[in-house]
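The values are calculated or read from the model by the stated rules, or taken from the named source; none is laboratory data. Note that this is a predicted model, so its numbers are computed, not measured. Glycine also receives a Cβ, built like all others from the backbone with ideal geometry; neighbour counts cover every protein chain displayed.
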């Protein structure tokens, strides 16, 4: 495969970053804010319940999770999550999947163009890039917040002519599979991430660890 592929688009949460370590406490803090304001009933959440929202952009997540919540409070909750994730990343609470950095370095050294393409917030993207030194590996960083929360497949469509073909996209959620399928590029599904395995039915290949990319490319 290596002789054909030039550009690799990477999702971040659930693909490179085991995000639940910073997202879960941020989500709980935002939910507590909503409960204190009488907008929801106080309750406990498991990490598994919360992890289902990883991979969504923040607007679609809150519309799906609490569609009747007033827009002002949805925005406040989004802000709380973003700030808390930034703080926890800066404090060293973020965790990358085993082999992530080694795999990115391997691909970079092989000459692939690596593109960060995530539904995360812009501050989260910038903070993660700084904390994990991701600019050593990625040639470009893009997230949905920079594009008005545009669906990932549309962002990718607008980027295609900026990079060499052939291309592949690597991710763990249906957003990533949809982006690859609708743009006619190879999709690699990450079964170790936060999506249900059924979300990866459009994948051309499924991997169980990020390190397996070294045997593909």
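The conditions of being modelled with pLDDT under 95 and within 23 Å of residue 210 (Cβ to Cβ) are not met by residue 23.
Looking only at the range 90-143, residues that are in a strand (DSSP E or B) and crowded, with 16+ Cβ neighbours inside 10 Å come to 10 in all. If the condition is being assigned to a helix (DSSP H, G or I) and either in the same structural domain as residue 190 (by TED's automatic domain parsing) or touching a strand residue (DSSP E or B) at 6+ places or on another chain (Cβ under 9 Å) (or both), then the range 23-55 contributes only 23.
For the range 1-23, filtering for residues that are in contact (Cβ under 8 Å) with a residue 24 or more places away in the chain and surrounded by fewer than 18 Cβ atoms within 10 Å (Cβ to Cβ) leaves 5.
Listed here are the residues, each with its yes/no results for (1) closer than 27 Å to residue 85 by Cα; (2) modelled with pLDDT of 95 or more; (3) not assigned by TED's automatic domain parsing to the domain that holds residue 106.
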| residue | (1), (2), (3) |
| --- | --- |
| 125 | yes, yes, no |
| 128 | yes, yes, no |
| 138 | yes, yes, no |
| 170 | yes, yes, no |
| 173 | yes, yes, no |
| 177 | yes, yes, no |
| 180 | no, yes, no |
| 186 | no, yes, no |
| 202 | no, no, no |
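Scanning the range 156-198 for residues that are surrounded by 21 or more Cβ atoms within 10 Å (Cβ to Cβ) and not in a strand (DSSP E or B) turns up 156, 172, 173, 175, 176, 177, 179, 180, 193, 194, 195. Within the range 56-74, being in a helix (DSSP H, G or I) and surrounded by fewer than 12 Cβ atoms within 10 Å (Cβ to Cβ) holds for 64, 71, 72.
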